[in-house]
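The values are calculated or read from the model by the stated rules, or taken from the named source; none is laboratory data. Keep in mind that this is a model prediction, so the values were computed, not measured. Note: ideal-geometry Cβ built from the backbone for every residue, glycine included; neighbour counts use all protein chains shown. Areas reflect the complete protein model, heavy atoms only, side chains present, ligands, DNA and RNA absent. Shrake-Rupley method; radii C 1.70, N 1.55, O 1.52, S 1.80 Å.
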Amino acid sequence: MIKISVCDDDEGQLTFFKQCFMEYNEKHKEKIEANFYQSVQSLLNEKKFSPDVYFLDIDLIDDNGISIAGKIKENDKNALIIFVTSKNNLVFSALKVQPFYFIRKGNLDEEFETALMLLKEHFNQKSYFSFKYDFEYIKILTDDILYLEVDNHLTSLVTRAKVYHLYKPLKEIMSEIKSDDFIQISRKNSVNIKHIKQYKKNAILLDNNQILKIGIAFKSAVAERRIK
């Protein structure tokens, strides 16, 4: 399921988007979960909802949509940004934050539909990790996993939205995930390199500002992967 946050300081525009998402889900039998924010502050302060995609009005009253996208990317470099704009002259400036798509307010109906179809194609190409948890089957994007942490026979799978505790060895879970994006940095931790914000001398900083230590025995492997 794709999770989307929509930020626009125009209440009428937000109401329009709510209708668009509802009609799209009904038409395509999809389940896109969307949250709506009329202020930048409420968007950035959100803790309970962890979106994959952000729809941002470029020309916000409180702030510039491009600078907001930059702040979002600092905390989650895998976040997808879709700009909504009535000012085509701002499109070039927006390219520096590598947006996924642009929607022009003058052509909302057609380009909204196109944006969601492109998002669907994008996420269909992604890999997922499925597992049983609390008597139900969970399916999450591999890209959404920040890191794994083992403690005795319990391995914690950490995402932005939730931490899952699995009674499996770390190596077994890494094998089941089947992704080259994970590297073991200590006996305790394996991290998703897509979420590494900065390499330090004896640790790494993830894009959720979590710091994890690099084990002595793993330093050369981490250094080699960093060079690549």
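Of the residues screened, Lys197 is one that is closer than 23 Å to Asn78 by Cβ and touching a strand residue (DSSP E or B) at 6+ places or on another chain (Cβ under 8 Å). Against the numbered list (1) over 21 Å from Lys197 (Cβ atoms); (2) modelled with pLDDT of 90 or more, Pro99 comes up short only at (1).
Residue pairs whose Cβ atoms lie under 7 Å apart, separated by 6 or more positions or on different chains, with the first residue in the stretch 15-41 and under 16 Å from Phe55 (Cβ atoms) and among the aliphatic types (A, V, I, L, M) and the second assigned to a strand (DSSP E or B) and modelled with pLDDT of 90 or more, are Ile32/Ile4; Ala34/Ile4; Ala34/Val6; Val40/Cys7.
Of all the numbered requirements in (1) among the charged types (D, E, K, R); (2) touching a strand residue (DSSP E or B) at 6+ places or on another chain (Cβ under 8 Å); (3) under 30 Å from Ile173 (Cβ atoms), Glu121 misses one, and that requirement is (2).
Within the span defined as the stretch 15-35, one or more residues are under 23 Å from Ile140 (Cβ atoms) and of a type in the set (Phe, Trp, Tyr).
If only one of Leu56, Leu118, Leu80 is among the aliphatic types (A, V, I, L, M), at pLDDT 90 or above and open to solvent by 50 Å² or more (accessible area, probe 1.4 Å), which one is it? Steps first, answer last, please.
On the way: Leu56 fails: open to solvent by 50 Å² or more (accessible area, probe 1.4 Å); Leu80 fails: open to solvent by 50 Å² or more (accessible area, probe 1.4 Å).
One residue alone meets the criteria, Leu118.
The residue that is surrounded by the most Cβ atoms within 10 Å (Cβ to Cβ), among those in the stretch 5-14 that are over 23 Å from Thr159 (Cβ atoms) and in contact (Cβ under 8 Å) with a residue 24 or more places away in the chain, is Asp8.
Once the stretch 127-179 is narrowed to residues that are modelled with pLDDT of 90 or more and among the acidic types (Asp, Glu), the residue that is farthest from Asn45 (Cα to Cα) is Glu172.
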